[in-house]
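Please treat every number below as a calculation from the coordinates, not as lab data. Here the structure is a predicted model, which means the values were calculated and not measured. Cβ atoms come from the backbone with ideal geometry, glycine included; neighbour counts cover every protein chain shown.
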Amino acid sequence: MSSMVNHVVIVGGGSAGWLTAGVIAADHPSLTVTLIESPDVAPIGVGEGTWPSMRDTLHRIGVSEAAFFRECDAAFKQGSRFNGWRHGGGAEDYYFHPFVLPQGFGEADLVGCWQRDLPNVPFADLVSFQPHLCVQGRAPKQPATPEFAAVANYGYHLDAGKFGVFLRKHCLEKLGVRYVPDHVTAVNSRENGDIASLQTKEHGALEGDLFIDCTGMQSLLLGRHYGVPLLHRKDVLFNDSALAVQVPYASADSPIASQTTSTAQRAGWIWDIGLPTRRGIGHVYASSHTTDEQAEADLRAYVGVDMPTPRKLTFQPGYREQFWHRNVVAIGLSAGFIEPLEASALALVEMSAAMVSDDLPATRDAMDIVARRFNDAFTYRWERVIEFLKLHYVLSGRTDSDYWHDNRRSETIPARLRELLVLWRHRPPSRLDFNRIEEVFPSASWQYVLYGMDFRPDRERITRRDSTTGADGYFREAAELTRRMLRALPSNREMIDHIRLHGLQKI
Ligand SMILES: Cc1cc2nc3c(=O)[nH]c(=O)nc-3n(C[C@H](O)[C@H](O)[C@H](O)COP(=O)(O)OP(=O)(O)OC[C@H]3O[C@@H](n4cnc5c(N)ncnc54)[C@H](O)[C@@H]3O)c2cc1C
């Protein structure tokens, strides 16, 4: 009889390791979950932007949202704002990718009606109240809104270092995860090639049935032990370096931004994330198109002369040829990494942890079946992430450097994206293009970026396709919601201060 899966061993105590441990331990109290974390290798310590899915994940593992806000220096994130991506021009060169769907999405021909009647109004501003909340620095909920519930859909900005400590405490105190602070030095194999146990410096050999590789970019089990190669995608997404700094606010009551702001640069872009006590700012750039010195100078021009010494990070854009091989599955940076333009890394961690937990194989025989499904799902997801990020670049009209010209060269654009751009001349992105039950980015996100980046469909064709009636009612609804929400919602800082002081109602 095939052996039962009773013991899950996770290697790595970064965000990926602890999130995965939390999800599996919360869902499967009868399983033994052990997490091994090396005291010699620090977690990467960046990764401050999340998606709304993080609300579900935190709720799923049973944490208090108020405790999370207090202990992780967390703030609300309602989407992304892109500055200077269209043509690198002045203050009017910006657009939003908000987290809420357009009003009436899927119910009426919003794009056709927008093009016919109001083509000069930014698409997101017309169909959604959320960009207006962001511009005004509003929170997505009120003091009476319960934990994890939203008036406007939201994710978080957080301190990555504090997040790991917070999750560890919860996993150990509430979920019964076994913790082994030790360095894995070797892998011991079974005759069939599976991993039997991991050799540690102080605790000997630790056995398990399923091993989860959360060892960051070194990918100790999947990459190093099994030699599963990284599929390099630098030919599509050029960025491979980042400089990160933490910057204090001018005063303790400075406003906290409601969105991640991404400002395009000559060879990359700068992220700006507001936490309650500081901002996290970083320049992501392509070493093939600029130097570290120039990238630092561009970051300094953004932050100001008092900029602290930045921390440099490098990465190889790409993902593993397989994520689950034999009795090892990689989650987090060990599975791959692509620049953080839409903060998709932690979202992929959440999806991976959820799929491992939901489809947890009961026996070793079942594992190969689950592994095939997992590999198929995540290859599809990584490819959609790559295409979605590339969309931001291919539509740019910037001409100030080779970086932007090269990004538009046809051979750097994935074939599927090139085809979609042809179809979208005549109709908006829809479920026809993204038809899996769990898509990484819904078609609404593709619309926000496409039209935010000034892509204009063939007006004649698009308005002829469907009746455009009904859409103007949704535009009025979005405007009315904007008025009501701006009156009712506190500022981000007021709401975060309230949570830190008084907590939130439990659901
Ligand atoms: C510049 C940059 C910006 C980013 N921004 C975002 C963002 O805004 N949003 C987002 O979602 N993601 C972002 N990411 C990605 C995000 O940081 C990661 O996905 C996330 O932190 C998960 O990392 P990890 O846990 O996989 O790896 P790590 O944090 O590197 O953890 C690896 C763990 O493995 C352990 N380990 C290693 N070797 C051994 C060994 N031999 N024995 C035992 N343990 C071992 C280490 O001790 C450590 O605990 C960003 C990444 C970069 C580089």
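A few remarks follow.
- Chain lengthening between Thr379 and Glu293 when straightened (0.36 nm per residue, less Cα-Cα): 27.4 nm
- Phi-based couplings in Hz for the range 317-331 (Karplus 6.51, -1.76, 1.60; Gly and Pro marked x): x, x, 9, 6, 4, 9, 9, 10, 9, 6, 9, 10, 10, 9, 9
- Interchain or long-range residues, amide H under 5 Å from Tyr156's placed H: Thr50, Trp51, Lys77
- Degrees, to the nearest 10: 443-452 long Cα axis against longest axis of the chain: 50
- Going by neighbour counts of Cβ atoms within 10 Å, the residues Glu339, Glu71 line up, fewest first, as Glu71, Glu339.
- Degrees, to the nearest 10: 471-488 long Cα axis against longest axis of the chain: 70
- Partners for Lys169 among lysines (Cα-Cα distance below 21 Å; same-chain residues under 8 apart left out): Lys506
- Once the Cα-Cα distance is subtracted from the 0.36 nm per residue extended length, the Val121 to Leu421 segment shows a gain of 105.8 nm.
- Two-site label geometry, Ala252 and Leu432: point separation in nm, points 7 Å out along Cα→Cβ: 5.8
- Label sites at Ser410 and Met217, each approximated as a point 7 angstrom past Cα along Cα to Cβ, lie 3.5 nm apart.
- Using the Karplus relation 6.51 cos²θ - 1.76 cosθ + 1.60 with θ = phi - 60°, the per-residue 3J(HN,Hα) values for the range 352-369 come to 5, 4, 5, 5, 4, 6, 5, 10, 4, x, 6, 9, 5, 5, 5, 4, 5, 5 Hz, with x marking Gly and Pro.
- Using the Cβ of Asp253 as centre and a radius below 15 Å, the other residues enclosed give a net charge of +2, where K and R count +1 and D and E count -1.
- Here the range 241-314 is assigned +1 on the Cβ of each Lys and Arg and -1 on the Cβ of each Asp and Glu. Its dipole about the Cα centre then comes out at about 120 debye.
- Cα→Cβ-extended label distance, 7 Å offset, between Asp359 and Asp56, nm: 1.6
- J(HN,Hα) series, the range 50-60, from Karplus relation 6.51 cos²θ - 1.76 cosθ + 1.60, nearest Hz, glycine and proline x: 10, 9, x, 4, 5, 4, 5, 5, 5, 5, 4
- Taking the fewest neighbouring Cβ atoms within 10 Å as the starting point, the ordered list for Asp402, Asp454 is Asp402, Asp454.
- Net charge, Gly45 excluded, C-beta distance under 11 Å - Lys, Arg +1, Asp, Glu -1: 0
- Bridges between two residues of the chain, per DSSP, are antiparallel at a rate of about 70%.
- Counting charges near Gly452 (Lys, Arg +1; Asp, Glu -1) among other residues having Cβ under 14 Å from its Cβ returns a value of -2.
- Dipole in debye (nearest 20) - the range 134-284, about Cα centre, beta carbon charges: Lys, Arg +1; Asp, Glu -1: 500
- Pairwise alpha-carbon distances in the chain exceed 44 Å for 14% of all pairs.
- Compared with the dominant principal axis of the Cα atoms in the chain, helix 160-174 is inclined by about 50°.
- Computed from the Cα positions only, the extents of the range 241-314 along the three principal axes stand at 40, 23, 19 Å, in decreasing order.
- Extended-chain gain in nm, criterion 0.36 nm per residue less alpha-carbon gap, Glu494 and His28: 163.9 nm
- Set of lysines near Lys312 by C-alpha distance (under 27 Å), chain-local residues within fewer than 8 positions excluded: Lys77, Lys162, Lys234, Lys390
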